[in-house]
Amino acid sequence: MNQLVSFGSRKVPPDEKRRLVQKHFDTVAPRYDLTNTLLSFGLQHVWKRTAVRLLGLRPGQGVVDVCGGTADLALLAARVVLPGGRLVVYDFNRAMMELGRAKVRKAGRASQFLFIEGDAEALALADASCDAAMVGFGIRNLVSMDQGLKEMHRVLKPGGRLLILEFSQPTNRWFRTLYDLYSFTVMPLVGKIMVGSWEAYTYLPESIRRFPGPAELSLRLKALGFTEVTWRPLSNGIAVAYLARKSVS
């Protein structure tokens with residue numbers, strides 16, 4: 001019997017979570033970028049730029065953007081690693097990947113990106129084939145976060161770096177109270193107006209609330225074989241950039 005996993009506040013079978021996550025992104029994709037920009041007051045763009053800068057990419061490197069359908073992180077990485085590097089955008093939702101493809105075409109980089117539609121928990125990439133792996137606001141949506149992290153560890157070269165950009169709970173108690181109020185009232189209302197679904201943006205704060213905090217996630221990364229694990233809170237801890245390295249030994 002399959003063990004139940006979390007989908008927001010619900011416990012569901014693994015295959016049901018995959019179906020629900022697909023449905024979620026099919027629903028939000030048409031106005032995904034605009035909605036997230038509004039909900040974050042534009043801060044999502046600051047967080048992404050900061051996180052990619054912290055990754056310390058170099059020209060000519062190969063990078064995989066996991067759960068990267070919209071290609072935002074990959075396009076930021078491209079500014080550093082191209083023309084000699086390689087960018088792979090990996091996602092299991094076709095509607096989100098179409099957003100990314102459109103952005104890449106608009107940037108005139110279509111021939112320099114490889115888009116792969118597939119499961120982040122079973123990456124169709126060779127062992128030790130990437131200098132860096134990134135996942136932005138997507139690790140929460142996996143059926144097994146640990147399996148996804150194991151796969152990113154597998155495809156990294158020895159010494160390769162991992163970036164996780166993810167939402168978290170604000171560090172200040174009073175601000176956290178206001179943030180929860182905003183998350184569970186304003187976010188769903190905006191979601192209803194923008195994409196016609198109250199539930200889509202109820203799932204978001206529920207999944208954030210159940211996501212491990214920085215200390216716990218850091219321990220899990222170390223247990224999976226990553227070293228030099230650090231994190232940096234962004235905007236009072238609303239988001240956190242995690243950095244880790246695959247051991248060279």
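Every read-out reported here was derived from the displayed coordinates using simple, explicitly stated rules and does not represent laboratory data. Fair warning: this is a prediction, and the values are worked out from it, not measured in the lab. Note: ideal-geometry Cβ built from the backbone for every residue, glycine included; neighbour counts use all protein chains shown.
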Need one number: convex hull volume per residue for the chain, Cα atoms only, in Å³. 120
Pulled fully out, how much extra length does the chain show between LYS157 and ARG220, if you take 0.36 nm times their separation in residues and subtract their Cα-Cα distance? 20.7 nm
Work out the FRET efficiency for LYS106 and ARG209 from their Cβ-Cβ distance, taking R0 = 35 Å, and round it to the nearest 0.05. 0.50
Measure off 7 Å from each Cα along the Cα-to-Cβ vector at THR230 and TRP174, then give the distance between these two points in nanometres to one decimal. 3.1
What whole-number distance in Å separates the alpha-carbon centres of segment 1-67 and segment 193-249? 10
Under 19 Å from a point 7 Å along the Cα-to-Cβ line of GLU16: which residues of segment 209-230 have their amide N that close? 210
Two-site label geometry, LEU4 and LYS23: point separation in nm, points 7 Å out along Cα→Cβ: 1.7
Please give me the summed charge of the neighbours of LYS103: other residues whose Cβ is under 14 Å from its Cβ, Lys and Arg +1, Asp and Glu -1. +1
Exceeding 29 Å between C-alpha atoms, which entries from my cross-link table qualify? They are LYS23/LYS246; LYS48/LYS157; LYS11/LYS106; LYS23/LYS157; LYS17/LYS222. LYS23/LYS246; LYS11/LYS106; LYS23/LYS157
Ignoring everything except DSSP H segments at least 4 long, calculate the 222 nm mean residue ellipticity for the chain; use -39,500 (n - 2.57) per segment, divide by total residues, nearest 500. -13000 deg cm²/dmol
Sort TYR182, TYR90, TYR32 by Cβ crowding within 10 Å, fewest neighbours at the top. TYR182, TYR32, TYR90
Direction-averaged shadow area of the convex hull around the Cα atoms of segment 105-249, nm²? 10.4
